[in-house]
Amino acid sequence: MIKVLIVDDIPETRDHLTKLLGLEREIDVAGTAGSGEEAIQVAMDLRPDVIVMDINMPGMDGVAAAEIISQRLPTSPIIMMSVHGEAEQLKRAISAGAREFLVKPFSGDEFSESIRRVYEREVSRRVQLAGEIAQTPAPTKLSDEGDHQVIAVFSPKGGAGRTTIATNLAVAIHRETGARVCLVDANLQFGDIGVLLNLNPKNQSIIDAVERGEPDGEVVDSVVIDHSTGIRVLLAPPAPEGADLVTPAYLRKIVEHLRATHDFVIVDLPAGLTDHTLGVMDLADTIVVLTALEITTIKNVRLFLEVADQLEYNRAKVRLVVNRADTAQGIRIADVEASVRRPIDATIVSDGRLSVLAVNRGVPFVVSHPESVLTRDVMSLAKLLAGETAAAQDKPNKRGLFARR
Ligand SMILES: Nc1ncnc2c1ncn2[C@@H]1O[C@H](COP(=O)(O)OP(=O)(O)O)[C@@H](O)[C@H]1O
Ligand SMILES: [Mg+2]
């Protein structure tokens with residue numbers, strides 16, 4: 001059954017369109033709406049397979065409603081209807097995210113065919129996406145990893161603060177718990193962790209492991225750097241071309257080896273879903289997804305969360321964190337939660353001055369400015385992630401890691 005939502009401001013038109021589909025056995029008119037505002041609300045509740053919407057409506061028109069719906073519900077394709085077949089309207093409809101355009105009046109056959117076509121295209125789009133993701137083989141686990149945790153820090157957008165958070169989070173967890181923590185720069189082309197920690201990848205990086213062949217415990221150990229903050233660090237290659245030498249499988253093996261010898265492995269991932277990032281995400285226990293209070297980032301985070309669902313990642317595996325959470329330009333945390341349909345797990349304030357200062361000095365702010373709000377927020381995130389682990393494992397010796405302080 002194809003679940004359809006019909007949106008038109010004229011009640012007679014809604015009835016007429018519903019009747020046109022009355023004889024279609026695999027199409028079900030699951031709901032109707034009389035305005036753009038109502039369409040958004042009903043669509044969010046109903047999650048229809050196809051939305052048919054009039055472009056001209058008083059108040060919020062079809063284009064404005066389509067823009068919002070196609071952002072919030074990218075899996076509910078929209079067919080736009082109009083009494084004029086003007087190119088200008090067509091363009092507006094398409095740029096708002098509509099997948100087809102129907103000019104009134106149209107026959108019942110034209111109507112149902114359009115709905116079926118749009119629905120089938122959407123289904124095959126989803127199948128293709130799932131197929132691309134399924135090609136990534138599942139990682140094999142090493143035996144003695146115990147309850148050691150891999151935490152991947154990800155965002156679909158560059159500049160979201162992955163490197164900043166991953167680095168400070170690694171130091172925070174080490175400082176809070178005394179745990180053995182290894183920070184991995186998986187941004188193989190443009191790794192920044194060396195800059196943040198004042199380390200030169202030319203001296204030692206993942207490339208040096210590759211040159212020694214398959215990664216065994218000894219090879220991996222020899223390329224990891226002991227940093228003055230107490231954490232251990234595996235740097236990305238010193239130049240972008242080095243990235244080509246590190247295959248997704250190699251990166252995965254490295255992370256698995258590091259897991260065997262560290263309580264926490266924090267991986268700074270590049271933006272984008274690739275074999276490299278998905279390989280690490282598969283084996284990760286937790287994926288920290290960073291978002292900003294900004295529309296395109298939120299949209300892409302929502303798309304990523306849909307992929308995470310398709311990959312059948314446990315919901316608790318994905319942790320949503322808003323970075324620069326106090327720089328809302330009209331967007332509130334609650335709006336993000338409504339848009340991605342998940343609660344936010346943590347927030348981190350904006351402090352550009354301190355962030356930049358820390359990078360320039362090559363000293364993480366959790367070390368140089370332990371009393372800052374920024375540090376406090378990262379510490380809370382560290383507690384959430386590391387504390388949770390201890391509680392989830394239910395091991396007496398790990399309980400109250402934070403309480404001991
Ligand atoms: N909470 C924050 N407040 C202010 N600036 C931040 C914050 N987090 C990150 N930044 C700054 O944003 C920029 C991008 O951060 P970075 O960690 O390099 O992002 P990514 O690794 O996701 O590309 C950097 O200049 C960094 O100092
Ligand atoms: Mg980065």
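Quick look at the values:
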read-out: Residue among I225, I231, I254, I207 that alone is more than 16 Å from ligand 1 (Cβ to nearest atom), over 27 Å from D147 (Cβ atoms), at pLDDT 95 or above and buried (at least 19 other Cβ atoms within 10 Å of the Cβ); value: I207
read-out: Residue satisfying all of: in segment 294-313; buried (at least 17 other Cβ atoms within 10 Å of the Cβ) and of a type in the set (V, I, T); nearest to S339 (Cα to Cα) among these; value: I298
read-out: Qualifying residue in segment 248-270 (condition: touching a Pro at 6+ places or on another chain (Cβ under 7 Å) and polar (S, T, N, Q)); value: no
read-out: The one condition in (1) assigned to a helix (DSSP H, G or I); (2) under 14 Å from the mean Cα position of the chain (by Cα); (3) away from ligand 2 (no atom under 16 Å from the Cβ) that R319 fails to fulfil; value: (1)
read-out: Residue in segment 157-175 that is modelled with pLDDT of 95 or more, part of a loop (DSSP other than H, G, I, E, B) and in contact with a Ser or Thr (Cβ under 7 Å, 6 or more places away or on another chain) present; value: yes
read-out: Residue identified as assigned to a helix (DSSP H, G or I), within 12 Å of ligand 1 (Cβ to nearest atom) and either without any contact (Cβ under 8 Å) to a residue 24 or more places away in the chain or over 25 Å from L283 (Cβ atoms) (or both) among L354, L293; value: L354
read-out: Some residue of segment 19-27 being crowded, with 18+ Cβ neighbours inside 10 Å, free of Cβ contacts under 8 Å to residues at least 40 places away in the same chain and of a type outside the set (D, E); value: no
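The values are calculated or read from the model by the stated rules, or taken from the named source; none is laboratory data. Keep in mind that what you see is a predicted model, and the values were worked out from it rather than measured. Ideal geometry is used to build each Cβ from the backbone, glycine not excepted, and the neighbour counts take in all protein chains shown.
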